[in-house]
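Working notes for the structure below.
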Amino acid sequence: MKSKRLINFFKWFVIIYCGIGIILYYIQDKILLHPKPLDKNHIFNFNQNFTEQNIAFNKEDTINLIKFDAVGEVKKGIVIYYHGNKNNVEHYAPFVPAFTKHGYDVWMPDYPGFGKSTGEISEQKLYSLAYEIRKMAETKFPADSIVIYGKSLGTALAAYTASVKPCRKLILETPYYSIPALFNSYAFMYPSRIMSKYKLPTYEFLQEVKAPITIFHGTGDWVVPYRSGVKLKKLLKSNDQFIKIENGEHNNLSESVIYRNALDSLLEK
């Protein structure tokens, strides 16, 4: 009797385990990505000077790029800002003045399916987007005037860009080790490396970056756990920085005095 119960229990366990695993596999895009599309005729209303550019990669894929203008007459360079996994550039535009006040233009592209950008998103398309935006920037600014910034999802793209093209600085806010490692933090009982459609191995790219790197991570981050940033800290060069924001969460680091002072210092140099 006991053996029969054990067999039935094991059978149901396997069914439930496999069922949840299959569901997670097919909805992982919805877990990872939260885009907010905009109509092509949508008019942006930012409280700062900007221009809008649509870059056609092919018949299906068009990247919408917002170029925010630096404040003041002296222009230091450009910040290429790869944003997080939700909404579109309208959500991240409030962070732009932290850079433009220091004399930097800010270029912020939306990913496929985000904002006015069109096409189906994929990991390879994200790399291509990041690379092309970086190539465009070098027609306007020398490498030592280009700062690469990544926030959350965009940290892997920023690290990738800095690994293939030289830049002045690489700054990462709440970075993850890789997407499989991130998924493993929530569903450790599943083979995340095999199941993850996206790899985005930030740790691999960081090892190829020659420019100075600064990482910001909050100890209260429940989206990308702080321990994920700590794993990346082990890969940093001797002159790189890992800045811990005590009790900082995933979406509020810009409110921290430590973050603001450190960012100002990085952009003033």
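A few comments on the model shown:
- The distance between label points at residue 255 and residue 101 comes to 1.8 nm (points 7 Å beyond Cα on the Cα→Cβ vector).
- Within the range 127-158: backbone nitrogen closer than 17 Å to the residue 51 label point (7 Å, Cα to C-beta): 133-142
- Subset of 67/234; 86/199; 86/234; 101/125; 36/151; 40/169 violating a 25 Å alpha-carbon distance limit: 67/234; 86/234; 101/125; 40/169
- Taking label positions 7 Å along the Cα-Cβ direction at both residue 34 and residue 128, the computed distance is 2.8 nm, reported to one decimal.
- Applying 1/(1 + (r/R0)^6) with r as the Cβ-Cβ distance of residue 42 and residue 144 and R0 = 41 angstrom yields a FRET efficiency of 0.70.
- When peptides 117-124, 90-97, 158-165 are sorted by average Cβ neighbour count within 10 Å, with the highest value leading, the order is 158-165, 90-97, 117-124.
- Computed E for residue 69/residue 234 - FRET, C-beta separation, R0 22 angstrom, nearest 0.05: 0.05
- Here the range 35-268 is assigned +1 on the Cβ of each Lys and Arg and -1 on the Cβ of each Asp and Glu. Its dipole about the Cα centre then comes out at about 540 debye.
- Considering only 252, 223, 201, and ranking their Cα positions along the charge dipole of the range 35-268 that arises from unit charges at the beta-carbon of Lys, Arg, Asp and Glu, the one farthest toward the positive end is 201.
- Distance from the range 241-269 to the range 65-138 (C-alpha centre basis), Å: 20 Å
- P(r) histogram, all alpha-carbon pairs of the range 35-268 included - 10 Å bins from 0, percent: 8, 34, 39, 18, 2, 0
- Protection-proxy order for peptides 77-88, 137-148, each taking the mean of Cβ atoms within 10 Å per residue, highest first: 77-88, 137-148
We did not get these values from a lab; they are worked out from the coordinates using the rules stated. This structure is a prediction, so every number in the text was calculated from the model and none was measured. Please note: Cβ atoms are built from the backbone with ideal geometry, for glycine as well, and neighbour counts cover all protein chains shown.
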